[in-house]
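Down below is the structure, laid out as structure tokens.
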Amino acid sequence: MSADVNFCLRCGTGLALIAREEDGGMKERLRCPACDWTHWNNPTPVLAAIIECSDQGGKVLLARNAAWPGRMFALITGFMEAGETPQEGIAREVTEETALEVESLSLVGVYDFQRMNQVIIAYHAVARGEVRLSPELAEYKMYDLPELRCWRAGTGYALADWLRTRGHEPQFIELPPRK
């Protein structure tokens, strides 16, 4: 259950775990005992891009988020905004975070990321231009395909699937356990 919603958004009453018959079975959700409002806690769509830089010999850009400890580099990601398609959203995120111009997009796949209650929609983006990182990114690296290492979580599986389409068997790194 979500820890970020504790009160009813309609009437302000404290939410409680209440079981109710839904779709042929009992389902426990955070609900308002006063007005019956339900916090559905559905996964959030997150967009991700494997950025292949056409003017860098096809190297792939991975970036490190400024808020992350350590030296983990990953795909460019962001939230879809109301009124945009996933393709428009990821093209916007790539440009906002790297200043690169997206030339083409193709869907890699859709990935479950339950730890963060997200569904990741991953794209292969071919882009060009001079990289200028937004303040939310600390640094970036350019990788040849054989140098890329995947991780066993959401976007790491997308990178692995994309590498397979390029004839490369992905190599996985083991991440330290989460605290």
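The values are calculated or read from the model by the stated rules, or taken from the named source; none is laboratory data. Predicted model only: the values in this text are computed from it and were never measured. Reconstructed Cβ throughout: ideal geometry from the backbone, glycine too, with neighbour counts over all protein chains shown.
Per-structure values
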quantity	calculated
Matching strands (runs of 3 or more DSSP E) fully within segment 1-91 where at least 3 residues are surrounded by 12 or more Cβ atoms within 10 Å (Cβ to Cβ) and not small (Gly, Ala, Ser)	25-31, 44-53, 59-65
Residues of segment 120-142 that turn out to be out of contact with any Phe, Trp or Tyr (no Cβ under 8 Å at 6 or more places or on another chain) and outside any strand (DSSP E or B), as a count	6
Residues located in segment 92-113, provided they are among the polar types (S, T, N, Q), in a helix (DSSP H, G or I) and in contact (Cβ under 8 Å) with a residue 12 or more places away in the chain	98
Members of segment 50-83 found to be of a type in the set (Gly, Ala, Ser) and touching a Gly at 6+ places or on another chain (Cβ under 9 Å), listed by number	74, 78
Residue in segment 149-164 that is in a loop (DSSP other than H, G, I, E, B), over 15 Å from residue 93 (Cβ atoms), assigned by TED's automatic domain parsing to the domain that holds residue 94 and modelled with pLDDT of 95 or more present	no
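Residues checked against (1) among the β-branched types (Val, Ile, Thr); (2) modelled with pLDDT of 95 or more:
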| residue | (1), (2) |
| --- | --- |
| 7 | no, yes |
| 10 | no, yes |
| 13 | yes, yes |
| 16 | no, yes |
| 20 | no, no |
| 36 | no, no |
| 42 | no, no |
| 47 | no, yes |
| 78 | no, yes |
